[in-house]
Amino acid sequence: MKNIVILISGGGSNMAAIVRAAGSGRWAERFGARIAAVISNQPTAGGLSLAATNGIATVAVDHKAFAVRDEFDAALAAAIDVHAPALVVLAGFMRILTPGFVAHFDGRLINIHPSLLPAFPGLRTHQRAIDAGCQVAGVTVHHVTTELDHGPILAQAAVPVLHGDTAATLAERVLAQEHRLYPLAIERWLEIEATASPESA
Ligand code: GRF
């Protein structure tokens, strides 16, 4: 079985979209893949209870309990490795990960970022796009590397920036695309994995 572990920090709407797609897309039967666990750095993350009601193992690794970033990342990696993941999915995960963590999951660590990278890495992407007068905005699914929001791109979706848009109205339009794009990008990854190593499907 290919285990997918999803990391969240908040509501987990992207995680929920992926969980739904794993069921409706029959990932277990088609790819031998399942969502093995949802892990958050925020013990109060709403996504943890959402995952638990879907019968998915949940763990909170509270970053505030660690004085040193490397120690948090080591504890997080250990919690993830319990599930021997084929893929680690950052979904609304709001921590910058250390190079050691990224190296440990190299090649099987992906993220979703609410802009058309390489434009607008970092935070406040929607306001920055509006301030720059962009006509188009969007979302990127990419491999995670040690350089923040700069890894090889897996998928993108564009949305129009409409006259009078606020960061909130643009974020809402982009989020709808995130919920469509992330499951699609993961399914595409699973298909490539299945053809690359058919015996492990
Ligand atoms: C989303 O805007 C996503 O682009 C960013 O985190 C936000 C919340 O995601 N990565 P979620 O609802 O917790 O999945």
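Structure notes:
- Filtering the range 171-186 to residues that are farther than 26 Å from residue 34 by Cβ and among the β-branched types (Val, Ile, Thr) leaves only 174.
- All of (1) surrounded by fewer than 21 Cβ atoms within 10 Å (Cβ to Cβ); (2) touching a residue at least 12 places away in the same chain (Cβ under 8 Å); (3) within 12 Å of the ligand (Cβ to nearest atom); (4) not in a strand (DSSP E or B) hold for residue 178 with one exception: (1).
- Filtering the range 90-106 to residues that are more than 18 Å from residue 182 (Cβ to Cβ), part of a loop (DSSP other than H, G, I, E, B) and free of Cβ contacts under 8 Å to residues at least 40 places away in the same chain leaves 98, 106.
- Assessment of the range 71-82 against the conditions (more than 23 Å from residue 48 (Cα to Cα) and of a type in the set (Asp, Glu)) yields no matching residue.
- So residue 117, is it of a type in the set (A, V, I, L, M), surrounded by 18 or more Cβ atoms within 10 Å (Cβ to Cβ) and within 22 Å of residue 6 (Cβ to Cβ): yes
- Candidate set from the range 38-53 (those that are out of contact with any strand residue (DSSP E or B) (no Cβ under 6 Å at 6 or more places or on another chain) and surrounded by 16 or more Cβ atoms within 10 Å (Cβ to Cβ)); member that is modelled with the lowest pLDDT: 50
- Subset tally (residues that are in a loop (DSSP other than H, G, I, E, B), within 20 Å of residue 189 (Cα to Cα) and touching a residue at least 24 places away in the same chain (Cβ under 8 Å)) for the range 119-158: 5
- Residue 65 being out of contact with any Phe, Trp or Tyr (no Cβ under 6 Å at 6 or more places or on another chain) and surrounded by 14 or more Cβ atoms within 10 Å (Cβ to Cβ): no
- Residue in the range 53-67 that is closer than 18 Å to residue 144 by Cβ and in contact with a His (Cβ under 9 Å, 6 or more places away or on another chain) present: no
- When 184, 190, 148, 154 are screened for being exposed (fewer than 15 other Cβ atoms within 10 Å of the Cβ) and more than 12 Å from the ligand (Cβ to nearest atom), only 148 passes.
- Note on the range 7-76: enclosed helices (runs of 4 or more DSSP H) holding 2 or more residues that are within 16 Å of the ligand (Cβ to nearest atom) are 13-24, 46-53.
- Considering 108, 95, the condition of being under 14 Å from the mean Cα position of the chain (by Cα), surrounded by fewer than 21 Cβ atoms within 10 Å (Cβ to Cβ) and more than 14 Å from the ligand (Cβ to nearest atom) is satisfied by 108 alone.
The values are calculated or read from the model by the stated rules, or taken from the named source; none is laboratory data. Note that the structure is a prediction, hence the values are computed from the model and not measured. Cβ: placed from backbone, ideal geometry, glycine included. Neighbour counts: every protein chain shown.
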